[in-house]
1. With no solvent and one equal point scatterer placed on each C-alpha of segment 245-367, evaluate the Debye formula and give log10 I(q)/I(0) for q = 0.12, 0.16 Å⁻¹, two decimals.
2. In whole angstrom, how far apart do the alpha carbon centroids of segment 285-314 and segment 159-188 sit?
3. List the residues whose amide H sits under 5 Å from the amide H of residue 190, counting only those 5 or more places along or on another chain, with H placed 1.01 Å from N in the peptide plane.
4. Would you work out which of 176, 235, 206 lies farthest towards the positive end of the dipole of the chain? Charges go on Cβ: Lys and Arg +1, Asp and Glu -1.
5. Hand me the GluC sites (Glu not before Pro) from segment 184-242 located in a DSSP loop with no more than 14 other Cβ atoms within 10 Å, in residue order please.
6. How do 138, 9 rank when sorted from fewest to most other Cβ atoms within 10 Å of their own Cβ?
7. Specify the angular offset, from 0 to 90 degrees and rounded to the nearest 10, of the alpha carbon long axis of helix 5-17 from the longest principal axis of the alpha carbons in the chain.
8. Nearest 5 is fine: what % of DSSP beta bridges in segment 61-171 come out antiparallel, could you say?
Amino acid sequence: MTANPLSAHLKALIAADGPLTVARYMREALLHPEHGYYTTREPFGTAGDFITAPEISQVFGELISLWCAAVWQQSGSPERMALIEFGPGRGTLMADALRAARIVPGFSGAIDVHLVEASPRLRSLQRETLADTGVTWHDSLETLPRLPSLVIGNEFFDALPIRQLIYRGGAWRERCIVWDDHSDAPRWSDMAAPDTLIRQMPERAAVPAEGDIFEICEDGRLTAGAIAQHIALHGGAGLFLDYGHGKSAYGDTFQALRRHRYVDVLDAPGTADLTAHVDFDALLASAAASGCSCFGTVTQGQFLSALGVEARVERLAQEASPRQTMTLRSSARRLIEPTEMGTLFKAVAIAAPEVDALPGFGPPRSL
Ligand SMILES: C[S@@+](CC[C@H](N)C(=O)[O-])C[C@H]1O[C@@H](n2cnc3c(N)ncnc32)[C@H](O)[C@@H]1O
């Protein structure tokens, strides 16, 4: 392992508190106030560690904006509606969305922009990107305005910490990280799993085999439930895109990306992006329990195609140079093609209980 300041901090933490759950490790590695990944790094783009859909094509944010405008109209075009983004990164999606919002009469003037962002460094980047916009930042949902709301999030839930259960010798145990004094590095171990964690597994889970892993994102479930409560109470809808699986399943999806390559999740913590696939079933079950209608999953390719991605690209191409047209078309293909981001990435939506249709989705699901 490459030693670094965050490793020294983790070593001290393990000495003081004992083994770390995967969630605690992820939280420290991503958001430690001095040495965390999101606090210190510029992760986005070709020079960074990964690239996200809004950084690939402006069309992504524009189509999400048109989805929001359609929901605003469906809600009776209220005079004020909050547009809330969770985990806005560089602010690119929001900038593209606000530009596109101007083409829908009345919509731009009706929305108040709110960003929920944990990283102070990314907040200042968002402040630069959205310099001409009145924006309010929030640490959590508790301070969000009591208004009908359009809530969006792209690659937000995959950054939230997961816990991992592992099936060993006929029982579920919790995977954890301990300090190995011989190699002076963190290593994997497992410990007794609390009943409260095991009870969060789906009732109809398949019979496990030795070594099977089940991941639980408690923060994701709580956040989805709280967003759903907000929407059920104040009206509106939420749209979330991320990579993950539509049905809860066994598997180890905890991963680290550095400079666009997969690396060991325990190597040089704080210098690689750590994520896990989103269990959309579990998120929607939390939203349903809070009283919302739930839609999806649909693949990102299906969703963007249903919103008219090709037509939007060709419209932009009419005013673009041949070179720009090539880029517009190839980046849109990257978003929708099954071999690129079209299938692994998925969209889900939630809405106030009386809503029975949303653009880009089939009928609501029963969960
Ligand atoms: C993978 S980035 C996605 C950025 C952006 N949505 C995009 O598509 O380019 C994850 C974002 O979520 C933020 N984030 C991570 N954990 C968070 C938390 N607990 N609360 C709020 N924001 C969080 C990160 O700082 C970052 O802005």
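We did not get these values from a lab; they are worked out from the coordinates using the rules stated. What you are looking at is a predicted structure, and each value in this text was computed from that prediction instead of being measured. A quick note on method: Cβ atoms are made from the backbone with ideal geometry, for glycine too, and the neighbour counts reach across all protein chains shown.
1. Reported log10 I(q)/I(0), two decimals: -0.65, -0.95.
2. That distance is 35 Å.
3. The list, which skips near neighbours in sequence, is 176.
4. 235
5. Loop-located and lightly packed - 203, 210.
6. Lowest to highest Cβ neighbour count: 138, 9.
7. Orientation of helix 5-17: about 60 degrees from the principal axis.
8. DSSP beta bridges in segment 61-171 are roughly 5 percent antiparallel.
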